[in-house]
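Here's the structure we're looking at; comments come further down.
The values are calculated or read from the model by the stated rules, or taken from the named source; none is laboratory data. Bear in mind the structure is a predicted one, so any value in this text is a computation, not a measurement. Cβ placement follows ideal geometry from the backbone for every residue including glycine, while neighbour counts extend to all protein chains displayed. Side chains are part of the model used for accessible areas, which takes the heavy atoms of the whole protein and leaves out ligands, DNA and RNA. Shrake-Rupley method; radii C 1.70, N 1.55, O 1.52, S 1.80 Å.
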Amino acid sequence: MALQLSAAVRNAMLDAIETTIGTSAVLKIRTGAPPASVATADSGTVLATLTLPSDWMAGASSGSKAKSGTWEDASADAAGTAAHYRIYASDGTTAHLQGTVTATGGGGDLTVDNVVFAAGQSFTVTSYSWTAANS
């Protein structure tokens with residue numbers, strides 16, 4: 001039988017991720033495929049760097065957790081096509097999470113209003129959430 005977890009355990013696991021990463025997490029949106037693992041060195045060009053809200057994820061409920069507040073940047077760092085992201089501790093160098101980036105409706109782990117960035121353009125993260133196993 002596969003391991004099954006209660007909603008309370010799934011919620012605690014998800015909330016612990018945000019707690020471990022800490023407040024003022026840094027999101028970097030990059031070009032190219034994500035590295036093989038979050039422990040692998042950064043890859044791709046940084047298109048945008050955002051300091052996330054202090055409480056950047058809502059409290060977990062029913063085994064899911066979604067972004068909290070507005071995640072937007074008034075001025076992208078560089079031009080290119082967004083393909084993956086990494087979330088770092090507040091130091092901006094300790095990577096903890098990574099995944100794919102697509103336009104809204106594209107099925108990526110993180111979605112933005114437009115994946116083709118121009119240097120200096122504004123953009124918004126439209127959706128970002130986590131779901132724990134067997135939710």
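List of remarks:
- Highest mobility in the GNM of the chain, judged by mean-square fluctuation with C-alpha springs under 10 Å and restricted to Ala58, Ala76, Ala25, is found for Ala58.
- Placing unit charges on each Cβ (+1 for Lys and Arg, -1 for Asp and Glu) gives the chain a dipole about its Cα centre, and among Ala48, Gln4, Ala82 the Cα reaching farthest toward its positive end belongs to Gln4.
- For segment 46-135, the Cβ-based charge dipole about the Cα centre amounts to some 220 debye (Lys, Arg positive; Asp, Glu negative; other atoms uncharged).
- For the chain: accessible area per residue (Å², 1.4 Å): 47
- Percent carbon-and-sulfur accessible area, the chain, ignoring ligands, DNA and RNA, probe 1.4 Å: 54
- The helix-only estimate of mean residue ellipticity at 222 nm for the chain, built from DSSP H runs of length n ≥ 4 each weighted as -39500 (n - 2.57), is -3500 deg cm²/dmol after division by the residue total.
- Centre separation in Å (Cα based) which lies between segment 49-127 and segment 1-37: 14
- A 1.4 Å probe over all protein chains sorts Trp71, Trp130 by accessible area into Trp130, Trp71, starting with the largest.
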